[in-house]
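Before any comments, here is the structure.
The values are calculated or read from the model by the stated rules, or taken from the named source; none is laboratory data. Note that the structure is a prediction, hence the values are computed from the model and not measured. Because the Cβ atoms are built from the backbone with ideal geometry, glycine has one as well, and the counts that use them run over all protein chains shown. These area figures cover heavy atoms from the full protein model, side chains too; ligands, DNA and RNA do not enter into them. Shrake-Rupley method; radii C 1.70, N 1.55, O 1.52, S 1.80 Å.
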Amino acid sequence: MMSPTKHRRVSELRVGLDFGEQIVPVARLAMRDQVIYGEFERSFIERGIEISPLRLPLKQGVMKFDPHLFEGLPGVFNDCLPDGWGRLLFDRFIRSLGMMPHELSPLDRLAHIGRSGLGALVYEPDYGPPQSGHGVSLDQLAEHANHILTGTSDDVLEELLMLNGSSAGARPKVLIGLDEHRLDVIHGVSELPEAYSHWMVKFGNMQDGPDAGAIEYIYALMAKEAGVEIPEVHLFPSQHHVGFFAVKRFDREGRNRLHTHTACGLLHSDFRTPSLDYEDLLALTAILTRDAQQVEKLYRLAVFNVMAHNRDDHSKNFSYLMDRWGNWRLAPAYDLTYSSGPSGEQSTMVMGEGRNPGIYHLIRLGSEAKLSKSKIGTIIDQTQSALGQWESLAKNYGVSAESRLMIGQKLRRA
């Protein structure tokens, strides 16, 4: 078990960018009287690279952050903190050390992330969990995660914390290293041996059925067929159900890291109170990337989410990647699966429509993206064709008859 001294209070943090070589100093953060302040390093300002150009542009001097926004952090740093499952793990662990979660500041939590987070931002002091390269059993980890969810065991907290990194979302997940043949699974938060790559594996939560992993895997296959850019995916076998969904991490390219920023963090649009429209995301993509192809990628993703009834398309489920030279692009799509959304509505509206967005709204959205009528029609047709594979793929990968029928009806209606 990690020592409680590893979680002493933090009043100041140094922020850096680790692109896989030497860490680039970025900024300093400090907390005084429950308010967080920040100041960019002069050397970083001279580089001219912006980690969050819309809400935290480069400038000299001390900045006072809004204490009512993201617990007092700008969106770019809040993106580094886990929510849902990851926050549950850490809060449980802190309680096991005799501390209360409300006693910890956001800087304390960032220090726990240290160098093990998603993306390229790193924090010092680093009180993150120790790293190791031992093998892991996915079935055993899934069982441990279930014990945490049901409150029946805290004995596995440290192991799950070590494997979680700073991943977000409600479903339990672990970060692993996977060999090129997809046979050997090792703990993989930090550096990996040659021929291994960084992956993330999801487990079911209390609301998921035993076929949740297979459904997300099939959605990834259909999305790829529809022309949506997705990372590599895999369905690991399980002794207890149809399998665990796994996805290759897009914030890692070999030993190199990429700065990752969500639409939530970029726009300061809280994902818990959906208010975004795909029209906003098209504009964000155009401003950030200055690339019409990236805008088209976002439009394809919008079409797929609407027609595939993925209504959990909130602002944290869209990300952008920045390389060491400051170039931005839309990240590959993730968290694509069947979802009813908040109160049955699309989390991200389509031209003002959230309850029942359809082809009409998607065509208008495509026109807003300055796509030709023929391109809009091709993307919609390609998506319809890809979604038409649902029934055969669902049978092939062991999705229950109940899930096949329910999702099939929604897809045909779309």
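Averaging the sequence gap over all C-alpha pairs within less than 8 Å and six or more residues apart, then dividing by the number of residues, gives the chain a relative contact order of 14 percent.
Helices assigned as whole DSSP H runs in the chain whose Cα atoms extend at least 15 Å along their own long axis and whose mean Kyte-Doolittle hydropathy is 0.5 or higher are found at 212-225, 278-289.
When you restrict to C-alpha pairs under 8 Å that are six or more residues apart and normalise by the size of region 281-343, the relative contact order lands at 35 percent.
Modelled spin labels at Asp270 and Glu180, positioned 7 Å past Cα toward Cβ, are 4.8 nm from each other. With a 1.4 Å probe and every protein chain kept in, tell me what percent of the accessible surface of the chain is carbon plus sulfur. Accessible surface attributable to carbon and sulfur in the chain totals 48 percent.
Cross-link pairs exceeding 19 Å in C-alpha to C-alpha distance, out of Lys297/Lys410; Lys224/Lys297; Lys59/Lys316, comprise Lys297/Lys410; Lys59/Lys316.
Think of region 1-136 as a dipole: +1 on every Lys or Arg Cβ, -1 on every Asp or Glu Cβ, centred on the Cα centre; then among Phe93, Asn78, His68, Phe93 lies furthest on the positive end.
Here the peptides 354-365, 313-324, 242-253, 85-96 are ranked by packing, the mean other Cβ count within 10 Å, and the order with the highest first is 313-324, 242-253, 85-96, 354-365.
Put a plus charge on the Cβ of each Lys and Arg, a minus charge on the Cβ of each Asp and Glu, and nothing anywhere else: the dipole of region 177-336 about its Cα centre is then about 240 debye.
Suppose every K and R has +1 on its Cβ and every D and E has -1 on its Cβ; what is the size of the dipole of the chain about the Cα centre, in Debye to the nearest 20? Roughly 760 debye for the chain. The residues of the chain have, on average, 44 Å² of accessible surface per residue, using a 1.4 Å probe with all protein chains present.
What is the distance in Å between the Cα centroid of region 50-81 and that of region 93-142? Here the answer is 21 Å between Cα centres.
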